[in-house]
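The structure appears right after this line, and notes come after that.
The values are calculated or read from the model by the stated rules, or taken from the named source; none is laboratory data. Remember, it's a predicted structure, so these values are computed and weren't measured experimentally. As a convention, Cβ positions derive from the backbone with ideal geometry for all residues, glycine included, and neighbour counts pool all protein chains shown. We work out accessible area using only protein heavy atoms, side chains counted, and drop any ligands, DNA or RNA first. Shrake-Rupley method; radii C 1.70, N 1.55, O 1.52, S 1.80 Å.
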Amino acid sequence: MLQDIIDRSKRIVCFTGAGVSTASGIPDFRGAEGLYSQEWEGLTPEMILSASFFYLHPERFFEFYRARMLYPDAKPNAAHRALYELEKAGKLRGVVTQNIDGLHKRAGNRLVYEIHGSVWENYCMDCNAFYGLEKVLNSGGIPRCERCGGVVKPWVVLYGEAPDKYTCMGACREISNCDTLIVAGTSLSVEPAASFLDYFHGKHLVVVNSEPTPADERASLVIRGDVAGVFAKTRLTAL
């Protein structure tokens with residue numbers, strides 16, 4: 001059924017979440033063994049990953065961030081590689097992702113809307129100098145700008161911050177223009193990202209996830225299972 005939908009589609013967009021990256025060794029957030037089920041020195045991850053905590057306790061923020069949020073050695077898995085093949089085939093018109101791991105781009109996809117940012121991009125809060133992931137990894141305590149000494153902040157959306165409006169506009173535009181939307185590896189429990197599905201008015205909505213989602217009732221096809229496993233069995237190439 002999924003193969004038939006892909007074969008008949010001309011403009012596909014994939015909306016992805018943490019479940020796409022678990023096969024790469026990156027834990028999800030809300031599963032039984034997920035990040036949010038673990039406390040850190042008596043604090044929940046949601047507390048630490050908030051903008052207010054970052055500004056009030058930056059050193060503790062970066063201690064947690066380096067220990068729990070960064071997986072520099074993670075490699076794209078079958079799901080990421082399949083979406084790259086689908087883009088090369090000319091059918092995939094965009095990946096809208098809630099993930100900050102950068103694996104879609106590392107797999108080769110160019111049309112990626114990282115609505116929550118990326119750990120691979122960091123910037124000085126004073127002079128806007130750009131830094132890669134190695135700056136945060138190799139710094140002790142609070143990473144500082146080599147140019148002006150300002151704090152180097154990850155380009156990720158923390159709780160209490162709004163996503164980049166231009167990235168969101170681009171993502172919603174692609175979703176509104178596609179004929180098939182594949183929702184993969186996300187519980188659709190985070191706003192405003194989950195509301196992006198309201199822009200979809202195409203023919204086929206496909207949900208691939210291990211657990212039920214709010215989009216299941218309106219979906220043309222719901223597949224329960226591991227995203228990488230499902231995509232590995234599907235021929236994502238042009239006819």
State whether one or more residues within the range 52-65 are at pLDDT 95 or above, among the small types (Gly, Ala, Ser), open to solvent by 10 Å² or more (accessible area, probe 1.4 Å) and more than 30 Å from residue 7 (Cα to Cα). yes
Just one of (1) more than 30 Å from residue 140 (Cβ to Cβ); (2) open to solvent by 40 Å² or more (accessible area, probe 1.4 Å); (3) within 16 Å of the chain's Cα centre (by Cα) trips up residue 88, so point out which. (3)
If you check residue 109 against the conditions, is it farther than 17 Å from residue 51 by Cα and either assigned to a strand (DSSP E or B) or under 20 Å from the mean Cα position of the chain (by Cα) (or both)? yes
Based on what the data block shows, is residue 217 over 16 Å from residue 94 (Cβ atoms), in a loop (DSSP other than H, G, I, E, B), open to solvent by 20 Å² or more (accessible area, probe 1.4 Å) and acidic (Asp, Glu)? no
Among the candidates 167, 97, single out the residue that is closer than 25 Å to residue 55 by Cα, touching a residue at least 40 places away in the same chain (Cβ under 8 Å) and of a type in the set (Ser, Thr, Tyr). 167
Residues of the range 136-162 satisfying the condition of being touching a residue at least 12 places away in the same chain (Cβ under 8 Å) and either open to solvent by 30 Å² or more (accessible area, probe 1.4 Å) or among the aromatic types (Phe, Trp, Tyr) (or both): 137, 142, 146, 147, 148, 149, 151, 155, 157, 159, 160, 161
So residue 93 fits all but one of (1) assigned to a helix (DSSP H, G or I); (2) open to solvent by 30 Å² or more (accessible area, probe 1.4 Å); (3) closer than 30 Å to residue 195 by Cα; (4) of a type in the set (D, E, K, R); what number is the exception? (1)
Of the conditions (1) open to solvent by 20 Å² or more (accessible area, probe 1.4 Å); (2) modelled with pLDDT of 95 or more, residue 44 satisfies every one except a single condition; which number is it? (2)
Is it the case that residue 168 is within 18 Å of the chain's Cα centre (by Cα), within 23 Å of residue 102 (Cβ to Cβ) and open to solvent by less than 30 Å² (accessible area, probe 1.4 Å)? yes
Considering only residues that are more than 9 Å from the chain's Cα centre (by Cα) and of a type in the set (Val, Ile, Thr), look in the range 112-133 and name the one that is least open to solvent (accessible area, probe 1.4 Å). 119
Looking at the range 192-214, which of its residues are free of Cβ contacts under 8 Å to residues at least 24 places away in the same chain and surrounded by fewer than 16 Cβ atoms within 10 Å (Cβ to Cβ)? 195, 198, 212
Failed item in (1) in a loop (DSSP other than H, G, I, E, B); (2) open to solvent by 50 Å² or more (accessible area, probe 1.4 Å); (3) without any contact (Cβ under 8 Å) to a residue 40 or more places away in the chain, with residue 189 passing the rest: (3)
Residue count, the range 112-129 (criterion: free of Cβ contacts under 8 Å to residues at least 60 places away in the same chain and either aliphatic (A, V, I, L, M) or within 28 Å of residue 81 (Cα to Cα) (or both)): 10
